[in-house]
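Heads up: the structure comes next, in structure tokens.
The values are calculated or read from the model by the stated rules, or taken from the named source; none is laboratory data. A quick note: this is a predicted structure, and the numbers were derived from the prediction, not measured. All Cβ positions, glycine included, derive from the backbone under ideal geometry; neighbour counts span all protein chains shown. When the accessible area is computed, the model is the full protein with side chains, heavy atoms only, and any ligands, DNA or RNA have been set aside. Shrake-Rupley method; radii C 1.70, N 1.55, O 1.52, S 1.80 Å.
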Amino acid sequence: MLNERQFSLLDALESQPVTLGVLARQTGVSARTILRDIDYLKFTLSGKAHIRTAGNARYQLEIVDRKSYFQLLQRHDNDDRMLALLLIHPVISRAQLADALDLPDAWVAERLPRLKTRHAKTFTLASRPGAGHFIDVGESKRIMLLANLFRKDPFVYPLVGVTPASFAVLQEHCRRLADWPDISADYLISLILAVYALREQLAAPSSGAHSHSLRSCTDRAGIWINAAILGRLAALLDDLQQHANDITPAWVTELLTASASAGSPHVVDAQLIDDLTGHLKRCAAMPQWLAEIRQGSMNNLKAAWPAAFDMSVKFINHLRTLMDVPVIDSDLPGLYFACALERHQHESTPVVLVADQNAIAAINQMAIEREVLNCRVIVVRTRDELAAVCEELTPTLIINNGHDVLDCGPRHVLTIRNIITAAGIDQIKDFLASAFIRQQPERFFPAEGYFHYHNAADESWAQIIAAIAKQLSARELLTPVEALRICQRELEGENLIVNRIAIPHCWSEQSKSFRGFFVTLERALSVNGEEVKHLVMACASAANRQELKVFSFLASVLNGHSAETIENITDYEGFIALLR
């Protein structure tokens, strides 16, 4: 079985390449122990993932089969088995848990507090002196929590009469049910198993619900549940389906309107409404109070589309004030908002193609405009035509597709001869994504915003952000409104942290370009479970879509370096050198 340190190693290795020294420091053991853990993990992962050696003696996890990988981790995680025992038994002692799990009593004593902390937002793990421990939740939620465990692993707890063969029969017949259209067959099966496990404890409903279809499924699978308990399950399914029916496109539209805030881009369209309506219907019909898998890091996406995830956080926080729907995090809604932002990118990036052969120029123009999003290619034949075009507009990039050497001064020139290949297209994409930032990082991260902040040992993250925002506001680098928005944003959750650097940010109604202010801290501190030593306090104009690329550029640059390199930045010059 994997231990906690090995689980932590997998989490760390999935995010980014890490050296042995950093892993040893994070886990509090020697580098030799880390090497032994990595060898054991390589053997245990058995082809579902592998740990490879990256450059500079760094290690990184590559997942081959994501579903099988997470299922493998769950089989090594005893938390689910212990939680199933706590849910099925009204009260159970620590000794009984250790005996049922076939694990040492000391292990159970260590894991119980961690289990309580891990699920503190979902339920209360309580204890009764002289009796034992129990999950303090209502009956319906107890059924759904246990169903979440059975959905991850149908055999997480051995049930009498439930075998792989009977489970396959149950699957076959549940797939044919159409009584609850928004509830999938696998979720329905998990509820049946949960009700079967709790059948001695459940109260029969006051009015019998229709359960003939359920009776047919369970009887054929050889799972014997009496009519009253099946009526209890049918009543729960009716309630879940009704919650899903209440979520309509009109209701989601009102919710989006109420969640809008000043400075955020306006991205609401029919596709976004349909995506969110479908997502919330699934959440309401099939509440997932426990995460189905160990989630991978979404920091790269959050850094590339911070506006999308900010809007998602506001949307979900507002949703939770209206109904008790377990939207566990903002990741999936955040992706829907990111897609909406992408759909609303109407500005075309001007690119000049200098070519002396008409046929090749026409082919390359079509290839670039087809493959590069929002790109408008202007073809010129001579230096005089190029000079005339540059007087009328400022091209983001000049592609020299001819045979003459171009001297365009400070303008960005990329030389690609003849017909442009897929590799050339990728080169153009990379150049467009970062050239305007990499050439002038001081424009986006001005030197006058840098300073060293002497944070006290007992100073909280909120206090640090408030003090730094106040200093930047006093220097007139941020407006008071922007400073207030940044402070409020950091209290909403889903703080943006990229490779040890926190990025507190807000969206401004001003038309100014992106402003990022690098600040070093006297002491490192933990923010959302990640150690932070530096921060970039950023303010972007939601109206200027090109400025949003700065977040993506910043994330790609920071993730391209080791944690030690990031930690060793001591001043503004070091930060700018990193960006270059």
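Couple of notes before you dig in:
- Selection count, segment 106-121, where residues are of a type outside the set (A, V, I, L, M, F, W, C) and buried (at least 17 other Cβ atoms within 10 Å of the Cβ): 2
- Among (1) open to solvent by 10 Å² or more (accessible area, probe 1.4 Å); (2) part of a helix (DSSP H, G or I), the one test that residue 464 misses: (1)
- Any chance residue 176 is part of a loop (DSSP other than H, G, I, E, B) and under 15 Å from residue 217 (Cβ atoms): yes
- Taking segment 119-155 as the range and being among the acidic types (Asp, Glu) and modelled with pLDDT of 90 or more as the test, the residues that pass are 136, 139.
- Single residue of 577, 540 found to be open to solvent by less than 10 Å² (accessible area, probe 1.4 Å), over 15 Å from residue 452 (Cβ atoms) and at pLDDT 75 or above: 540
- Checking each residue in segment 264-283 for being touching a residue at least 60 places away in the same chain (Cβ under 8 Å), assigned to a helix (DSSP H, G or I) and exposed (fewer than 15 other Cβ atoms within 10 Å of the Cβ) picks out only 271.
- Criterion violated by residue 156 - all others in (1) in contact with a strand residue (DSSP E or B) (Cβ under 8 Å, 6 or more places away or on another chain); (2) assigned to a loop (DSSP other than H, G, I, E, B) satisfied: (1)
- Residues being part of a helix (DSSP H, G or I) and under 26 Å from the mean Cα position of the chain (by Cα) - total across segment 244-259: 11
- One residue stands out among those in segment 157-208 that are within 15 Å of residue 240 (Cα to Cα) and at pLDDT below 90: the one that is surrounded by the most Cβ atoms within 10 Å (Cβ to Cβ), which is 179.
- Any hit, segment 290-306, residues being modelled with pLDDT of 80 or more, of a type outside the set (Ser, Thr, Tyr) and open to solvent by 10 Å² or more (accessible area, probe 1.4 Å): no
- Residues that are in contact (Cβ under 8 Å) with a residue 40 or more places away in the chain, crowded, with 17+ Cβ neighbours inside 10 Å and under 16 Å from residue 79 (Cβ atoms) within segment 123-156 comprise 123, 133, 135, 145, 146, 148, 149, 150, 151, 152, 156, listed in sequence order.
- Within this structure, residue 481 passes the test of being open to solvent by 70 Å² or more (accessible area, probe 1.4 Å) and out of contact with any His (no Cβ under 7 Å at 6 or more places or on another chain).
- Residue within segment 68-90 that is closer than 27 Å to residue 126 by Cα, modelled with pLDDT of 85 or more and outside any helix (DSSP H, G or I) present: yes
- When 170, 159 are checked against the criterion of being in contact (Cβ under 8 Å) with a residue 12 or more places away in the chain and under 22 Å from residue 287 (Cα atoms), a single residue qualifies: 170.
- In segment 352-395, of all residues being of a type in the set (Gly, Ala, Ser) and over 18 Å from residue 431 (Cα atoms), the one that is most open to solvent (accessible area, probe 1.4 Å) corresponds to 359.
Residues checked against (1) at pLDDT 80 or above; (2) more than 28 Å from residue 528 (Cα to Cα):
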position: 414; (1), (2): yes, yes
position: 430; (1), (2): no, yes
position: 436; (1), (2): no, yes
position: 444; (1), (2): yes, no
position: 449; (1), (2): yes, no
position: 461; (1), (2): yes, no
position: 468; (1), (2): yes, no
position: 473; (1), (2): yes, no
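- Pairs meeting the criteria (first residue in segment 213-225 and of a type in the set (Val, Ile, Thr) and open to solvent by less than 10 Å² (accessible area, probe 1.4 Å), second residue modelled with pLDDT under 90 and part of a helix (DSSP H, G or I), beta carbons under 6 Å, at least 6 apart or on different chains) are lacking.
Residues are listed down the side, and each one gets a yes or a no for (1) assigned to a strand (DSSP E or B); (2) without any contact (Cβ under 8 Å) to a residue 24 or more places away in the chain:
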| residue | (1), (2) |
| --- | --- |
| 6 | no, no |
| 9 | no, no |
| 14 | no, no |
| 24 | no, yes |
| 35 | no, yes |
| 38 | no, no |
| 43 | no, yes |
| 53 | yes, yes |
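- Scope segment 396-415; condition part of a loop (DSSP other than H, G, I, E, B), among the aliphatic types (A, V, I, L, M) and open to solvent by less than 40 Å² (accessible area, probe 1.4 Å); matching residues: 406
- For segment 1-46, a tally of residues being closer than 20 Å to residue 65 by Cα, in contact with a helix residue (DSSP H, G or I) (Cβ under 9 Å, 6 or more places away or on another chain) and not aliphatic (A, V, I, L, M) returns 9.
- Subset of segment 26-51 that is more than 26 Å from the chain's Cα centre (by Cα), closer than 14 Å to residue 4 by Cα and among the hydrophobic types (A, V, I, L, M, F, W, C) - its residue that is most open to solvent (accessible area, probe 1.4 Å): 29
- Scanning segment 377-388 turns up one or more residues that are in a helix (DSSP H, G or I) and acidic (Asp, Glu).
So that you can scan it fast, the table gives a plain yes or no per residue for (1) among the basic types (Lys, Arg); (2) more than 30 Å from residue 286 (Cα to Cα):
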residue: 44; (1), (2): no, yes
residue: 66; (1), (2): yes, no
residue: 82; (1), (2): no, no
residue: 93; (1), (2): no, yes
residue: 102; (1), (2): no, yes
residue: 115; (1), (2): no, no
residue: 133; (1), (2): no, no
